[in-house]
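Asks: My questions will all concern the structure given below.
Just so it is clear, none of the values below were taken in a lab; they were calculated from the coordinates. From a predicted model like this one, the values you see are computed outputs, not experimental measurements. Positions of Cβ are backbone-derived with ideal geometry, glycine not excepted, and every protein chain shown enters the neighbour counts.
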Amino acid sequence: MDHKKEQQKQQAARAAADYIKEGMTIGLGSGTTSRYLIREAGKRYGQGLHFYGIATSRDSEQLAASLGIPLLEPEQAGKIHLAIDGVDEIDREFRAVKGGGGALLREKIIASWAEEVIWIMDESKLVERLGAFPFPVETVPFGMPFVKRRIADMGAVPALRMGDGKSYLTDSGNFILDVQFAENTDISQAAEQIRNMPGVVETGYFGQMCSRIAAGTSSGVKVMENPHRAV
């Protein structure tokens, strides 16, 4: 475990938790960084800050419930005031790739409905150009072989994600293809092309969706506002 990175994730989570206000409904992200956020949110709930959570994965749901955070199902949530989640990489234009933990579909649904979105991370996730991290594509099982061939035809290398010796299944029962693009590929254009393929449910490209980011760095937490999305 990289203790420096974990400390930075924890710092970013604490900074983001400051934006949780009384009575809000909060989208709770998935993955290692989001676990720090959920623990911090649970601590604040226990100290008297009342809010509701809506989880983007079963793992996050279980952790939040264990900490006493009251959870809503989608049909119960009227308005999502704020979503907080981690990223796998993000560039200077606030465009991100997410889905390393396999929850990209629910994460994108929650982020799209939230009035405000905060991405939290350690400083290693800040990149000059997207593409170093495998690009996740969620597909329905029947369509996966067709999508895989179409992506390969683009000059990319798709690999079916595995887990415990078998095909990894998302919480929605779908497969994930992890795609490595050729160098200098425009990720936003490639993502749009893939998203339009029949059989594709969602991709891990999260454009300028966030209102701000909170990045833990060696010199403390850096909070950056996204000028492309007014808060």
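Asks: Cβ under 11 Å from Arg58's Cβ, Arg58 left aside: what net charge do those residues give with Lys, Arg +1 and Asp, Glu -1?
Replies: Working: positive: Arg106; negative: Asp59, Glu61, Asp171.
That works out to -2.
Asks: Right, here's the next one. Using the basic label-point model (7 angstrom from Cα toward the beta carbon), what is the Ser219 to Glu192 distance in nanometres?
Replies: 3.7 nm
Asks: If you keep only loop residues by DSSP, which trypsin sites (Lys or Arg not before Pro) in region 17-75 have at most 14 other Cβ atoms within 10 Å of their Cβ? If you can, show how the numbers build up before the last one.
Replies: Working: sites: Lys21, Arg35, Arg39, Lys43, Arg44, Arg58; in loops: Lys21.
Passing sites in region 17-75 are Lys21.
Asks: Right, another one. Below 12 angstrom from the Cβ of Gly143, what's the summed charge of the other residues (Lys, Arg +1; Asp, Glu -1)?
Replies: On the way: positive: Lys148, Arg149, Arg150; negative: Glu138.
Surrounding charge for Gly143 is +2.
Asks: Please give the contour-minus-distance gain from Leu72 to Leu49: 0.36 nm per residue of separation, less the Cα-Cα distance, rounded to one decimal in nm.
Replies: Numbers: separation 23, 0.36 × 23 = 8.28 nm, distance 1.67 nm.
My answer for the length gained is 6.6 nm.
Asks: Cβ under 10 Å from Asn174's Cβ, Asn174 left aside: what net charge do those residues give with Lys, Arg +1 and Asp, Glu -1?
Replies: Values: positive: none; negative: Glu138, Asp171, Glu202.
Counting the neighbours of Asn174, the net charge comes to -3.
Asks: Exposed loop GluC sites (Glu not before Pro) only (DSSP loop, at most 10 other Cβ atoms within 10 Å): please give the longest stretch of the chain free of them, not including the sites.
Replies: Values: sites that count: Glu22, Glu128, Glu183.
Within the chain, the longest run free of exposed GluC sites (Glu not before Pro) spans 23-127.
Asks: Assuming R0 = 41 Å, what is the FRET efficiency of Asp153 and Arg229, from their Cβ-Cβ distance, to the nearest 0.05?
Replies: Values: r = 34 Å, r/R0 = 0.83.
Given R0 = 41 Å and the Cβ-Cβ separation, E is 0.75.
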